[in-house]
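Values quoted throughout were computed directly from the atomic coordinates according to the rules given, and no laboratory measurement underlies them. Bear in mind that the values here come from a model prediction, so they are computed numbers and not experimental data. Glycine also receives a Cβ, built like all others from the backbone with ideal geometry; neighbour counts cover every protein chain displayed.
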Amino acid sequence: MKAGIFALQGAFIEHEHAMQALGADCVEIRRRAQFTDGLDCIILPGGESTVQGKLLREEGLLEPVRAAIMGGLPVFGTCAGLILLARELSNDENVYLGTMDVCVRRNAYGRQLGSFRCDADIKGIGSFPAVFIRAPYIEQAGAGVDVLAAVNGKIVAARQGNMLATAFHPELTGDLRVHALFCGMARGRA
Ligand code: GLN
């Protein structure tokens, strides 16, 4: 299985290591020409969504990536990646890929809770060590969205068809279960 890891900015290398540990071959994507047909799935890592969105736009990647996701290419977005996938941001004018029917609040935990770690109960997985870094959360999810986890009443993991998104960073924990769930989605399609 070939996984395309967006490597424009942010925490992408940890995703690569997690996917490789699960037997996937990884390709880093920075340029339009690297986003090819042979990919079985893609990952949008955490980082700064404004920077990533700008680079995707400048590189001409927004449209082809949006079309591929709409065509069923499995995608996993973490943190900033969730923001890129969201149909709407409640505290920001921007929309990037806009493929997932969720309304997301950026930097939703404020300054005091800029970064924290807690246990999240993820549907189908169980208790999972969730690392949040200036994280967003999902304020509203559409009818077609399966809520996979909530922390303090806020949605922090969700799936809609071929799209998986977490507000936290499973790639920073060494726990591969969320990536394994995603690999299952990708293999199911491949
Ligand atoms: N605060 C970042 C943003 O709004 C997301 C943080 C992260 O990806 N860890 O894009």
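Here the simple spin-label model places points 7 Å from the Cα toward Cβ, and for LEU55 and LYS123 these points are separated by 3.2 nm. State whether the range 57-110 is rounded, prolate or oblate according to the following rule on the C-alpha gyration tensor (a ≥ b ≥ c being the square roots of its eigenvalues): a/c under 1.5 gives rounded; otherwise a/b larger than b/c gives prolate, and the remaining case gives oblate. Note, shape of the range 57-110 comes out prolate. Between the listed residues LEU84, CYS103, PHE132, the Cα displaced farthest toward the positive end of the dipole of the range 42-135, a dipole computed from Cβ unit charges relative to the Cα centre, is found at PHE132.
If you add up the charges near VAL131, with Lys and Arg at +1 and Asp and Glu at -1, over every other residue whose beta carbon is less than 13 angstrom from its beta carbon, what do you get?
Working: positive: ARG117, ARG134; negative: GLU14, ASP119, GLU171, ASP175.
Here the count lands on -2.
Shape class of the range 135-190 from the alpha-carbon gyration tensor: oblate, with a/c at 1.5 or above and b/c at least as large as a/b.
All other residues with a Cβ under 13 Å from the Cβ of VAL75 taken together, and with Lys, Arg as +1 and Asp, Glu as -1, what is their net charge? Walk me through the intermediate numbers first.
On the way: positive: ARG66, ARG159, ARG189; negative: ASP40.
Net of charged neighbours comes to +2.
Please give every one of the aspartates and glutamates within straight-line cross-link reach of LYS54, meaning a C-alpha to C-alpha distance under 17 Å, and leave out same-chain neighbours fewer than 8 residues apart. Here the aspartates and glutamates satisfying the reach criterion relative to LYS54 are GLU63, GLU88, ASP92, GLU93.
Could you tally the net charge around LEU89, taking each other residue with its Cβ under 10 Å from the Cβ of LEU89, Lys/Arg +1 and Asp/Glu -1? Could the numbers behind the result be given before it?
Values: positive: ARG87, ARG105, ARG106; negative: GLU88, ASP92, GLU93, GLU139.
Here the count lands on -1.
Can you compute the FRET efficiency between ASN152 and THR36 using 1/(1 + (r/R0)^6), with r the Cβ-Cβ distance and R0 = 41 Å? Round to the nearest 0.05. That pair, ASN152 with THR36, gives E of 0.50.
Can you order the peptides 46-56, 121-131 by their average number of other Cβ atoms within 10 Å per residue, highest first? Walk me through the numbers before you get to the answer.
Working: 46-56: 19.7, 121-131: 15.9.
For the peptides 46-56, 121-131, the packing ranking is 46-56, 121-131.
Residue by residue, the range 16-28 carries 3J(HN,Hα) couplings of 4, 4, 5, 5, 5, 4, 9, x, 8, 8, 10, 10, 7 Hz when phi is fed to the Karplus relation 6.51 cos²θ - 1.76 cosθ + 1.60 (θ = phi - 60°); x denotes Gly or Pro. Compute a Gaussian network model of the chain, connecting alpha carbons closer than 10 Å, and tell me which residue from CYS103, CYS79, CYS118 fluctuates the most. Comparing CYS103, CYS79, CYS118 in a Gaussian network model of the chain, the most mobile one is CYS118. The lysines whose alpha-carbon is closer than 17 Å to the alpha-carbon of LYS123, local same-chain residues fewer than 8 away aside, are LYS154. Would you please classify the overall shape of the range 49-177 from the alpha carbon gyration tensor, given that a ≥ b ≥ c denote the square roots of the eigenvalues, rounded means a/c under 1.5, and beyond that prolate means a/b larger than b/c while oblate covers the rest? Judged from the Cα gyration tensor, the range 49-177 comes out prolate (a/c at least 1.5, a/b above b/c). What you get for the chain, charging only the Cβ of Lys and Arg (+1) and of Asp and Glu (-1), is a dipole of about 120 debye around the Cα centre.
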